[in-house]
Amino acid sequence: MANHLDLEEQEQLDQLKHFWKQYGNPITWLLILVLGAFAGWNFYQYWQRSQAIQAAAMYDEVERVVKSADTGKIDRAFSDMKDRFASTTYAQQAGLLVAKQYYLAGNVDAAKAALDWVATKSSDPGYQAIAKLRLAGILMESKAFDAALQQLNGSFPANFDALVADRKGDILLLQGKKVEARVEYEKAFKSFEERTEYRRLVEVKLNSLGINPQRGGEIGSGVAATKSAGAVPVSDAAAPEGKK
């Protein structure tokens, strides 16, 4: 009986050896790949957390130098942020913050450069949209109307549709294209929620063109489209920072 068991065990051992000889290397490499991927994922998660912590600390530094209004320090801090943490949301927030300070200081070119960086490098559609709207506002003030409209082309998150349409209306009206401007303002008016204060601002702009959006028609011949969109305040949400 013992011999019979010994033979069975030997046969099983031989089968195991044959199996391992045939499939051992693929199994070993598969295990290495799985364990390597697991280790890599853990390292990536650690690296992401480390990057976020360091980026947050550097953003605090950018905020500090922006408050000091020291242009040289702002340039260096923002440059370091872009070089080291360009892919983080902190870098995009820093870009918007720095652009505001440059604009307030009268350094329009630097403000445009910072906003353009956010608009082209940000991985967050929301930050991209904000940067493009503010950049379009600065270009509009500089009378670079075609460049301003170009910033507003392409896709935007749905919740920015009204702001984009309103800004397009401002630019088109300054170009003397009242019919096109009306179309954009009406689009903006319809896109805003009824209780939104901005909707009232768009209504004022339409009124200046002789349109009553509440009634869906013209106000009457007695109402003239007296002034350009420059006479109507630009929304804080879409304006270049510094106009707030």
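Working from the pairwise distances between different alpha carbons, so that the mean of 1/r is found and then inverted, what is the range 79-126's Kirkwood radius in Å?
Working: mean 1/r = 0.0946 Å⁻¹.
For the range 79-126, the Kirkwood estimate is 10.6 Å.
Regarding the range 118-159, what are the three Cα extents along the principal axes, ordered largest first, in Å?
The Cα atoms of the range 118-159 stretch 29, 17, 14 Å along their principal axes.
Output the Cα-based Rg and Dmax of the range 104-202 in Å, rounding Rg to one decimal and Dmax to a whole number.
13.6, 37
Cut-off is 10 Å between beta-carbons; in what order do Leu206, Leu201, Leu173, Leu33 appear when sorted fewest neighbours first?
Listed from fewest to most nearby Cβ atoms, that is Leu33, Leu201, Leu206, Leu173.
Using r as the Cβ-Cβ distance of Ile32 and Arg76, and R0 as 51 Å, what FRET efficiency do you calculate, to the nearest 0.05? Intermediate results must be reported in sequence, preceding the final value.
Values: r = 45 Å, r/R0 = 0.88.
The computed FRET efficiency comes out at 0.70.
Check which residues have an amide H placed less than 5 Å from Asn212's amide H, if you skip close sequence neighbours.
For Asn212, whose amide H was placed from the backbone, the distant partners under 5 Å are Gly217, Glu218, Ile219.
Starting from the 7 Å offset along Cα-to-Cβ, what nm value, one decimal, do you get for the label separation of Asn153 and Val183?
Result: 1.5 nm between the two label points.
No value in this document is a laboratory result; all are computed from the given coordinates. Since this is a predicted model, take the numbers as computed values, not measurements. All Cβ positions, glycine included, derive from the backbone under ideal geometry; neighbour counts span all protein chains shown.
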